[in-house]
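Input: a single structure, listed below in C-alpha cells.
The values are calculated or read from the model by the stated rules, or taken from the named source; none is laboratory data. Quantities reported herein were computed from a predicted structural model and do not represent experimental measurements. Glycine also receives a Cβ, built like all others from the backbone with ideal geometry; neighbour counts cover every protein chain displayed. Ligands, DNA and RNA are stripped out before the accessible areas are found, and what is left, the full protein with its side chains, is counted by its heavy atoms. Shrake-Rupley method; radii C 1.70, N 1.55, O 1.52, S 1.80 Å.
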Amino acid sequence: MKSPKKLWLTFGLVIGLSFAVLLYYGVEIYQNAPPIPEKVVSSDGKILFTGEEILDGQNVWQSIGGQEVGSIWGHGAYVAPDWTADYLHREALFILDAWANADYGMPYGKIPDEQKMVLQSRLKKEMRKNTFDASTKTLTISPIRVQAFEYLNRYYSDIFGNNPDYDQLRDQYAIAKNAIKDPQRARLMNMFFFWASWACVTERPGETVSYTHNWPNDELIGNVATGDLMLWTGFSIIILLLGIGILAFYNAQNTEEEPNDDEIPLEDPLLSIKPTPSMRATIKYFWVVTALILVQVILGVVTAHYGVEGSAFYGFPLADYMPYSLSRTWHVQIAIFWIATSWLATGLYIAPAVTGYEPKYQKLGVNFLFICLLIIVGGSMIGQWYAIMQRLGFVENFWFGHQGYEYVDLGRFWQAFLLIGLVLWLILMVRAIMPALRSRNNSRHLLTMFIISSIAIAVFYAAGLMWGRRSNLAIAEYWRWWVVHLWVEGFFEVFATVVMAFIFTRMKLLNEKFATLNVLFSTIIFLAGGILGTFHHLYFSGTPTAVLAVGSAFSALEVVPLVLIGVEAYHNYKISKLKPWIQAYKWPIYCFIAVAFWNFLGAGIFGFLINPPIALYYMQGLNTTPLHGHAALFGVYGVLGIGLMLFVLKGLYRQNVWKDTWIAIAFWSINIGLMLMLLLSLLPIGLLQTIASVNHGMWWARSAEFMQQPLMNTLRWMRLWGDTIFALGTIALAIFVVGLATGWSYVKDKYDLKKVDKK
C-alpha cells in the first residue's frame, strides 16, 4: 500500500488535470454549441420568427415541465415522445408527401420504391444542408420547410391544447388537456422544437455530422451511426479491460487482512459516545426523511400508472389537479431531497461524535438548517404546481416555478436558497471537526478527506446556478450534468465512502491507517473516471466530437472500481458476524452490503449497458435509462441513505435492542421490490425499445403506436408486482422508525441480545 503523501499527490493531480480538461471542453461547448439565429427567414426574405422567440419557446417548454414531458435530445421523461425525434420524422414525412403529390400525384406511401429513393435523397440534401449565415446570424429555410413548420405548429398546438381529436393521443402521452392554454405560447414552443430539431439534422460547418452527432437515429433523414461511434466504443472497452487488469493486480498486491477476532472489542465502542444536543437534534431530519420516502413512493406509483392511464388514476381525473409532468417532477425531486437530507443529517451527527466537541450554538444551527430545508422543499413544490398550471410568467417561473431540467427542476430562487443551506451545513461540519484536525493524530488524513468531500458537496451544487433563463440548451445541459453527475453521483459518493470508513474505524472494526489509505485510493480511482465520465451524458447534446472521445474513454473507467465491489460486500458481511454486539448494527451493515450489490448491478452492469457511444446512440431516451437510474439512484444512494439513517438512529437509541420484524420486512421488501420492478418491466421494455430503435429509428421506439401495443401495456402492468412489494417495504420502514419513538420497535432499557430472541 502506498504512503498517504503519495496518494495525496496523486489525488491532487487527478483532480487538477480532470477539471482542467472538463473546463477546457466546456469552453469548446460554449463556442461550438448549435447557434440560435437572430432571425429565421424564408427564401424570399420574409421573417418567420426571431431568436428571442425561440428562447421564449424554450421558456414555455420549461414552464410546462420541460424534460418532465417527453424529452429533448434524449434527456427527460419517457411516456411522451422525444420531441426532436418526433418533430424531425413528422417534418420529413410531410415534405415527402408534398413532393410525392406534386411530382407523382399520389402520397409518398403509395409511390414505387425507386421513386421513394429519389425523394429520400432529395430530402436529405434539403434537411441536412446548413443554411445558417454566421455573419448575419440568419437562418434561411425553404418554402416547403415553412409549410412543414406551420403544419407541425397546428399539430403540437392541438396536442398541448384541447382539440378533442387528440384526446386519445394526449392520454397515451400523459399530457393534460390545455397543458398550454395560450395559443401564442404554443406557437412559441413550436419555434423552440423547430430549432432543437434543426440542430439534430443540420450538419456542422465543414463536417458531415449534425450538431448532435446524427442523433436521433432516423435513416429517412440521413441520421445514421458514424464511424466515430464505433471507434470510441471499441476504445472504451479496451480501456475498461485495461483498468480492470490494473485494479485486479493492485488488489492482489494489497489485499486487506481479515479483522483479527482478538483485536475486536468485546463491547460496542460507540456506547461510550454520549450524544450532544446537536446530535440529538438530527432526529427530526430522519422523521422528515421517512415521510418524504413515503410521499416519493406514492408519487412514483402515480407516475408509473400514468403510463397506462395518462389522464386519470383508476378513473379519477387526477391530471386536472396533478398532471404527469408534476407528479414526475415531485417524484424525482423528493428523491434528491430525502437522500441528501439523510446524508447531510448523518454528517451533522458524526462530526461532533468524531471529536467529542460541541461548538457553541451548534444545536441552533442544526435546527435553523432544518427549518430552511422544510421551506425549500415546500416552497419549491408549490412553485412547480403554479408553473405547470400555467399561472406564472417566464421570469416568475424561472425564479420560483419550474426550470424544466430533470433533477434540477426547482426554480432559481430555491436553488440559491439550497446552496446557502449547504454552505451553512458545511460551516456546521467544519467547526465541529476542526479541533480534531488540529490535534494532528492518526485520523487527520481521514478528517481532511471528510472536510474536502463536504466542501465539494456545498460548492459543486453551485454549478446549477451557471446557466440563465435564456441560455442555449447545450450550455445548460453542460452545467446540469455537473450537478447530476459530479454532485449527486460524484462527490456524494466520496462523502459516503469517508463516512462509512469513519463508522467502521470508530467501531474498531477497521484499522485507521488502512481505512485512510483505502479511502484515498478508492477516491482516486473513482474520480479518475468519474469527473471526465460526465461527458458520457453529453455525446448528443450539441457538443464537439472530442467530447465523445474523452467521455467514452473515461466513462469506461467509472466501471472499473465496481468490478471488485463483491470484495467489499463480503468484507462487510464478515464484519457483521465477528462479535455479538455487532449484531446491533446488523441492518445498517446489511444496507451497506446491498449498496455494494446495487453499485455493481445498477451503476456497473446497467450503467455500462447504455454508456458506450454506439449503445447510447440507440438507447438514449429509452427505458434502459430509468433502468439504470432506479437501480443506481435508489439502489445505491437511496439504500445508503437508509443505512446511514439506521446507523444514526441506532446511536440515538443506543441502550435498546431493536426488534427485527418491521425492519427485516422493510429491507427485504425494498430490495426485492426494486429488483422485480427492474426485471419484470423496465428492462424488457427498454430492450424491446432498443430493437425498435435499431430497426426503425428513435421516433418509432418512442411513438404511441409502438408503446401502446398489448405486449408493452402488459409489461407496464407487470411493474405493479415490484412496485407493490417495494411500497410495502417503505411502509414497514416508516412503521419501524415511528416505533423507535413510541417504543414498539425495541426492547426497552436492557442491552441484552438474548432478551430480544425470547421476544
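When THR84 is tested against (1) in a helix (DSSP H, G or I); (2) surrounded by fewer than 19 Cβ atoms within 10 Å (Cβ to Cβ), just one condition goes unmet, and that condition is (2). Return a yes/no flag: does the range 8-19 have any residue that is open to solvent by less than 50 Å² (accessible area, probe 1.4 Å), aliphatic (A, V, I, L, M) and assigned to a helix (DSSP H, G or I). Looking through the range 8-19, at least one residue is open to solvent by less than 50 Å² (accessible area, probe 1.4 Å), aliphatic (A, V, I, L, M) and assigned to a helix (DSSP H, G or I). Filter the range 653-677 down to residues that are among the hydroxyl-bearing types (Ser, Thr, Tyr), in contact with a helix residue (DSSP H, G or I) (Cβ under 6 Å, 6 or more places away or on another chain) and part of a helix (DSSP H, G or I), then give me how many there are. Result for the range 653-677: 1.
Among residues of the range 671-683 that are within 17 Å of LEU640 (Cα to Cα) and at pLDDT below 95, none has a beta-carbon under 7 Å from a residue that is of a type in the set (S, T, N, Q) and assigned to a helix (DSSP H, G or I) at least six positions away or on a different chain.
Residues in the range 524-546 that are closer than 15 Å to HIS75 by Cβ and open to solvent by less than 20 Å² (accessible area, probe 1.4 Å): THR534, PHE535, HIS536, LEU538, TYR539, PHE540, SER541, GLY542, THR543. Selection of first residues in the range 401-424 that are under 19 Å from THR341 (Cα atoms) and of second residues that are among the β-branched types (Val, Ile, Thr) and in a helix (DSSP H, G or I), restricted to Cβ pairs under 6 Å at least 6 apart or on distinct chains, gives the following pairs, ordered by first then second residue: TYR407/VAL484; VAL408/VAL483; ASP409/THR329; TRP414/ILE376; PHE417/ILE376; LEU418/ILE376. Looking across GLU489, GLU477, one residue alone is of a type in the set (D, E, K, R), closer than 29 Å to ILE614 by Cα and open to solvent by 10 Å² or more (accessible area, probe 1.4 Å). It is GLU489. Summed over the range 617-652, residues that are open to solvent by 10 Å² or more (accessible area, probe 1.4 Å), assigned to a helix (DSSP H, G or I) and of a type in the set (S, T, N, Q) total 1. Reported count of residues in the range 316-328, each being out of contact with any helix residue (DSSP H, G or I) (no Cβ under 8 Å at 6 or more places or on another chain) and open to solvent by less than 60 Å² (accessible area, probe 1.4 Å), is 2. For the residues VAL308, VAL288, VAL302, VAL295, the requirement of being among the hydrophobic types (A, V, I, L, M, F, W, C), open to solvent by 10 Å² or more (accessible area, probe 1.4 Å) and outside any helix (DSSP H, G or I) singles out VAL308. Taken over the range 40-80, the criterion of being out of contact with any helix residue (DSSP H, G or I) (no Cβ under 7 Å at 6 or more places or on another chain) and surrounded by fewer than 23 Cβ atoms within 10 Å (Cβ to Cβ) is satisfied by VAL41, ASP44, GLY45, LYS46, ILE47, THR50, GLY51, GLU52, LEU55. Of all residues in the range 355-372, those that are touching a residue at least 60 places away in the same chain (Cβ under 8 Å) and surrounded by fewer than 22 Cβ atoms within 10 Å (Cβ to Cβ) total 10. If you go through the range 111-137 and keep only what is in a helix (DSSP H, G or I) and surrounded by 12 or more Cβ atoms within 10 Å (Cβ to Cβ), you end up with GLN115, LYS116, VAL118, LEU119, GLN120, ARG122, LEU123, LYS124, GLU126, MET127, ARG128. PRO352 passes every criterion in (1) open to solvent by less than 40 Å² (accessible area, probe 1.4 Å); (2) under 27 Å from VAL484 (Cβ atoms) apart from (2). Out of the residues in the range 524-553 that are assigned to a helix (DSSP H, G or I) and aromatic (Phe, Trp, Tyr), state the one that is farthest from LEU473 (Cα to Cα). Only one residue tops the list, namely PHE526.
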